[in-house]
Amino acid sequence: MTIAANLAKLQERIAAAARAANRAPETVALIAVSKTQPMQAVQEAYAAGQRLFGENRVQEADGKFTPLRASCPDLQLQLIGPLQTNKAARAVSLFDSIATLDRHKLATTLAALYARQTNRPELLAEINSGHEPQKAGIAPEALPDFLAQCRDLALPVRGLMCIPPVDSDPAPHFMALTRMADTHQLLIRSMGMSGDFETAIRCGSTHVRIGTALFGSRTTPV
Ligand SMILES: *Cc1c(COP(=O)(O)O)cnc(C)c1O
């Protein structure tokens, strides 16, 4: 299967899942997760009409997407991996959105950068919905305080993102994220990957992040 064919099939599945949930298909955006994939794979997806891409490492994204920006001006790039504060400045100039705002220190660093930069990526707070100690993210019960801190820093947070625990039913995590987003009037709900995006759409996802179902399996470890 070509990337273009995979993309067409995914768009059909996304639209079908949206309609099954009584939602308009255009309320769900597809983020093509191109981590570990070569630049040609991104170009193929772009040629097939894909505009929104996700990368999990600042350096890899820089090497792959900075050369593409000139020929693909309407391309949108989101950071979906953890962001170290020493890479925050680079990330702010490289990405259109950052989905992994996961701690107060990062919020402080980003706020300082946003105060003196014109490029201000849209921000999503990452929620550690399964309270997994090895995983980044804000604990659900800490979200109200975290959002208040971001407001105090004049840092706009537009939505929430989560990666549910592997080997557990993701639906309760997705539902919880939707409830939290509703409570705080956050419009973006980024949830769902290759294996569970239809469930995520049923639970209210606005952005599904899909890698392997679009590009095939990743040959190098992440
Ligand atoms: C890799 C990754 C994805 C995509 O995963 P697939 O299972 O390949 O679709 C989505 N979200 C995040 C945060 C990722 O790191």
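Quick notes on this structure:
- A straight Cα-to-Cα reach below 16 Å connects Lys87 with the aspartates and glutamates Glu55, Glu60, Asp62, Asp96, Asp102, residues fewer than 8 places away in its own chain not being considered.
- Neighbour-count ranking [beta-carbon atoms within 10 angstrom, fewest first] of Leu10, Leu68, Leu106: Leu68, Leu10, Leu106
- Reachable aspartates and glutamates from Lys9, criterion Cα separation under 18 angstrom, eight or more residues apart if same chain: Glu26, Glu44, Asp196, Glu198
- Cα centroid separation, segment 92-140 to segment 45-67 (Å): 19 Å
- Tail fraction, Cα-Cα pairs, the chain, threshold 26 Å, whole percent: 34 percent
- Label zone (Gln76, point 7 Å along Cα-to-C-beta; backbone nitrogen cut-off 15 Å) within segment 18-43: 26-33.
- Neighbour-count ranking [beta-carbon atoms within 10 angstrom, fewest first] of Cys72, Cys162, Cys150: Cys72, Cys150, Cys162
- Per residue, the Cα convex hull of segment 112-222 amounts to 139 Å³.
Readers should treat all values here as calculations from the given coordinates under stated rules, not as data from a laboratory. Source: prediction; values computed, not measured. Cβ coordinates were reconstructed from backbone atoms using ideal geometry, including for glycine residues, and neighbour counts include every protein chain displayed.
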